[in-house]
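Below: one structure, written as structure tokens.
We did not get these values from a lab; they are worked out from the coordinates using the rules stated. The model shown is predicted, which means the values in this text are computed figures rather than measured ones. Positions of Cβ are generated from backbone atoms using ideal geometry, with glycine treated the same way; all protein chains shown enter the neighbour counts.
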Amino acid sequence: MKYLTIDTTTKITALSLADQGKIVSEGFLHTGKTHSERLIPMLDQMLHAADWKLEELGFIGVVRGPGSFTGIRIGIATAQGLAQVLKIPLRGITSLDTLAWAGYGREEETVVILDARKNEWYYARYKWLDKRQTLEGPKAVNPEQLICELDRRNRRYYFVGDAVPGAQQFIKAALGEKAIIPLEYQYLPRGAYAAWETWEQWQETGEVSIRDFSTVEPLYIRLSEAEVNFRKKHLEDS
């Protein structure tokens with residue numbers, strides 16, 4: 001079965017076209033342009049290169065967060081629109097579970113960290129055995145506190161996620177040989193990771209009704225700045 005995945009939860013636009021879990025085409029853009037500018041043109045190019053038509057898709061997978069609030073909304077809205085027009089199911093997957101695929105087959109624990117701003121990371125920790133096991137998270141954490149907690153354990157960690165570039169010196173200084181920082185193309189969001197996670201979810205739960213294309217909800221973990229300000233103002237006025 002052919003399917004599309006969309007990941008706009010970070011500054012990277014990551015798309016994939018896959019068939020039965022096998023990657024056919026992968027799109028990756030880290031140019032600084034907004035997702036709304038590049039998502040549809042990238043998808044058009046990938047479909048043309050793969051000689052696929054949208055009508056051939058059996059379902060769509062979309063990464064629903066946590067991550068950039070705006071990016072999450074763009075990805076979900078695009079996926080919902082396509083699913084509604086094509087009358088195909090839509091699958092929602094999380095950014096942390098998706099990036100855990102970067103550590104597939106490794107003996108170390110996989111630590112996924114995403115930039116949550118305000119001196120926080122979105123975080124989850126995994127272990128790959130026969131299948132992926134979630135050891136902790138998802139949650140928003142203070143970086144210093146998290147690294148201190150990890151340092152107290154006698155473990156080695158494989159760090160992935162878009163918070164890695166800005167934090168790798170801090171991580172290596174604190175954890176030394178306990179921390180493994182892969183190459184950039186391995187620790188950033190990729191269409192392939194979303195394709196594998198989507199297919200895994202599809203196999204586990206099976207096909208859903210086409211009416212479910214609108215049921216994918218964003219996973220924010222914490223409130224947006226606008227929501228925080230609104231609640232604060234509401235409390236002050238009450």
Collect residues whose amide H, placed 1.01 Å from N in the peptide plane, falls under 5 Å from the amide H of VAL24; neighbours closer than 5 in sequence don't count. LEU17, ALA18, ASP19
Restricting to bridges with both residues inside the chain, how much of the DSSP beta-bridge set is antiparallel, in percent to the nearest 5? 65
From largest to smallest, what semi-axes in whole angstrom does region 96-187 give when each is the square root of 5 times an eigenvalue of its alpha carbon gyration tensor? 18, 14, 13
In degrees, nearest ten, helix 35-50 long axis to first principal axis of the chain (Cα): 60
Which angle from 0 to 90°, rounded to the nearest 10, does the C-alpha axis of helix 164-175 make with the longest principal axis of the chain? 30
Report, largest value first, the span of the C-alpha coordinates of region 30-75 along each principal axis, in whole Å. 32, 23, 13
Please report the antiparallel percentage of DSSP beta bridges with both residues in region 96-187, rounded to the nearest 5. 70
Once the Cα atoms of helix 69-86 and of the chain are each reduced to a long axis, what angle between those two axes, in degrees from 0 to 90 to the nearest 10, is obtained? 20
Dipole magnitude of the chain about its Cα centre, charges +1 at Lys/Arg Cβ and -1 at Asp/Glu Cβ only, in debye to the nearest 20? 360
Using Cβ contacts closer than 10 Å as the measure, can you line up TRP202, TRP121, TRP128 from fewest to most? TRP128, TRP202, TRP121
Relative contact order [Cα under 8 Å, 6+ residues apart], region 96-187, whole percent: 28
Residue-averaged 222 nm ellipticity for the chain, from DSSP H runs of 4+ at -39500 (n - 2.57), nearest 500: -12000 deg cm²/dmol
Restricting attention to the alpha-carbon atoms of region 12-157, what are Rg (one decimal) and Dmax (integer), both in Å? 17.3, 52
Over the chain, what is the relative contact order in percent, taking alpha-carbon pairs closer than 8 angstrom and at least six residues apart? 23
When a footprinting reagent is the concern and you count Cβ atoms within 10 Å, what order do ASP97, ASP130 take, fewest first? ASP130, ASP97
Arranged by the count of other C-beta atoms within 10 angstrom, fewest first, what order do THR9, THR205 take? THR205, THR9
How high is the relative contact order of region 123-169? Use alpha-carbon pairs under 8 Å, at least six apart in sequence, and give a whole percent. 24
Count the lysine pairs in the chain that are 8 or more places apart or on different chains: how many have C-alpha atoms under 25 angstrom apart? 26
